[in-house]
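One structure is given below, encoded as structure tokens.
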Amino acid sequence: MKQFFKFAFASALGVFMAITVIFSLSLFAIIAIISQTEEKTFTLKPTSVLHIELKGEIVERSEQNPFGEIFSDYKVQAQGLDDILSAIDKAENQADIKGIFLDFNFSNAGLATYEEIRERLKEFKKSGKFIAAYSNMYSQKEYFLASVADSIFINPVGTIDFRGLGGEPMFFKNALDKLGIEMQIFKVGTYKSAVEPFTNEKMSDANRAQVTEYMNGLWDHILISVSNGRKISVDSLKSYADQGMMFSSTENIVKMKFADKVLYRSDLWSHIQKMAKSDIEKEENGLVSVTDIQKIETPSNDANDIVAMVYAAGGIDDGSSDGVNSEKLSKELAKIKKDSTVKAVVLRVNSPGGSAFGSEQIWHEIAEINKTKPVIVSMGDYAASGGYYISCPATAIVAQPTTITGSIGIFGMLPNVSKLTDKLGITFDEVSTNKFANTPSVNHAMRADEKMLFQSFIERGYDLFVTRCADGRKVTKEKIETVAQGHVWTGEKALQIGLVDKLGGIQTAIKLAVKKAKLKNYRVEDYPRKKEFYEKIMEDISAETSTALAKLYFGESFKYYITLKNLEHQNPVQARIPFVMNIE
């Protein structure tokens, strides 16, 4: 019987692998066909309008996806900020493009990402071309972006969410107590509150104070930006926010000047057509997508000098394929250092932090590059904790006013599951040759001497972090200490306290890098290179295959396997922002 099951399992595994191989080969064939038939160029019609459909997640860089939306479960909805900004640039310089249509359809991005687009659109408006915005339901962040438009349209039964910023962090202490799990915490920094969900039932006074401070800062910035865009006083905006704008009628929304006209989506093209002074009758012929405008041929730039745009987006060494792999990024940076054609580097950081060890490795490579060529950091939505760690050795740091940064601090957590295992009737014994041979262990509470060792290790890490920041910013450790302790800041406040050098976006950082390197003719190259679509999808197929095989092997125990697999990638010592506040 045992041999039968072994044979059956082997046969099933063989069939599964054969199906995977066949599917992979078929996929390559489809990709080859699509890549051969896909149009490489695009011809603009006179009086066209760039259509920027803001839908799904907006990430730092786009990924090639010839399948469009064929695979609805695949991550096809992600849009690249790089493609959106490039499309705006091209639209500004193309005489046949008469304006831009911002089409909001439940997009999701951080506030600084929307600000990056908004600032680029403000530059676009200087060309004299129009911007129109439409949505059925504007979120607060979407409306922040839409307020740059010359005309804002809304569906007759649409809504605008404008009610102020808020967030509700979740706390797990009581649940962990019931399970019998104690989180043993080691940290440095009064404001380093990433551990609070595991130890508290509510926010500490220090954390509440810092969150209130940066949230008020973000809200004030939104109010001023919307006020300037829509010519509504800040006091009026505050009053409207307290009136439950989300439940207002569209007639009232127009009366309050939040929108200019109420329209059904099917009636929109005729209005845009008039704005563009276009005789193109059909919307699909008059609108040009972000994808299509990328195909328009532009003069090639054969400059020898390169400004390297290096991306560091996501958690640092958090085990995610979409995060920052410190080993891979460090190798990429080492190559850039040796490349004589690279004259300057712009490091685009959009990270809440992560592994303290991984952050140190990236810090080292940035510091090495900075000895011979300028490095300018461009901060995105987040460049906090480990994200700030890798930024601090740069020649200069550029942040958006709405960037979340700082959080200079380190913490470590180790669970003690002894009460849980007691409930389950599981016991452990111990054999060791030395005092700390079984340290650390999740099976019992840490001894006093173990806690002392772990805390001293965290404190050394924090001291190193502060030292790195002080050296990078060319100030004393005492000066950094006054703004450290895990405190989170907005980019606007970070400029005032000396943690960043300039407010602005990617273009501001590039211009500064060019100035520092004294370049005249140059081209911007992205690093690491973008993966071809087939590489990305094969990675995902490989991951899915591994998961399927693990499910087959572990059966009911699969959920424990996944938990352990995730823990395997988590460094116990973290330089990470307290939590990401979800601002709608």
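For K295, the aspartates and glutamates whose Cα comes closer than 16 Å to its Cα, not counting residues fewer than 8 places off in the same chain, are E38, E39, E63, D82, D83, D89, E92, D96. For the peptides 337-344, 109-116, 256-263, residues were scored by their other Cβ atoms within 10 Å and the scores averaged per peptide; the highest-first order is 109-116, 256-263, 337-344. Determine the sum of side-chain charges near V290: Lys and Arg each +1, Asp and Glu each -1, restricted to other residues whose C-beta is under 10 angstrom from that of V290. My count for the surroundings of V290 gives -2. Listed by chain and number, the lysines whose alpha-carbon sits under 23 Å from that of K238, ignoring those within fewer than 8 places in the same chain, are K141, K255, K257, K261, K493.
Treating only the Cβ atoms of Lys and Arg (+1) and Asp and Glu (-1) as charged, compute the dipole magnitude of region 408-533 about its Cα centre; round to the nearest 20 debye.
1060 debye
Shown in residue order for region 275-285 are the 3J(HN,Hα) couplings computed by the Karplus curve 6.51 cos²θ - 1.76 cosθ + 1.60 at θ = phi - 60°: 5, 8, 6, 9, 9, 7, 6, 8, 4, 5, 8 Hz (x for Gly and Pro). Across region 238-249, rounded Karplus estimates of 3J(HN,Hα) from the backbone phi angles (6.51 cos²θ - 1.76 cosθ + 1.60, θ = phi - 60°) give 4, 5, 5, 4, 7, 9, x, 3, 4, 9, 6, 6 Hz, Gly and Pro being marked x.
Sequentially through region 198-204, phi angles give Karplus couplings (6.51, -1.76, 1.60; θ = phi - 60°) of 9, 10, 10, 9, 7, 5, 6 Hz, Gly and Pro residues having no value and appearing as x.
A straight chain from A209 to N105 at 0.36 nm per residue would run longer than the Cα-Cα distance by 34.0 nm.
For region 179-195, backbone nitrogen atoms closer than 16 Å to the point 7 Å from K419 Cα along Cα-to-C-beta are found at 179-185. Scoring 186-192, 154-160, 97-103 by mean Cβ neighbours within 10 Å over their residues and listing the highest first yields 97-103, 186-192, 154-160. Net charge within 15 Å of D260 by Cβ-Cβ distance, Lys/Arg positive one each and Asp/Glu negative one each, not counting D260 itself? Once positives and negatives cancel, what remains is +3. Counting only residues at least eight positions apart within a chain, or on another chain, the lysines with an alpha carbon under 17 Å from that of K126 are K90, K98. Here's how it looks for I316: its modeled amide H is under 5 Å from those of V324, G353, G354, S355, which are all 5 or more places away or on a different chain. Answer rounded, prolate or oblate for region 148-244, using the Cα gyration tensor with square roots of eigenvalues a ≥ b ≥ c: rounded when a/c is under 1.5, else prolate when a/b is larger than b/c, else oblate. Taking the square roots of the gyration eigenvalues as a ≥ b ≥ c, region 148-244 is prolate.
Computed from the C-beta positions of E368 and V234 and an R0 of 60 Å, the FRET efficiency is 0.85 to the nearest 0.05.
Throughout, read-outs are computed from the coordinates displayed, never taken from laboratory work. Fair warning: this is a prediction, and the values are worked out from it, not measured in the lab. Note that each Cβ is placed from the backbone with ideal geometry, even for glycine, and that neighbours are counted across all protein chains shown.
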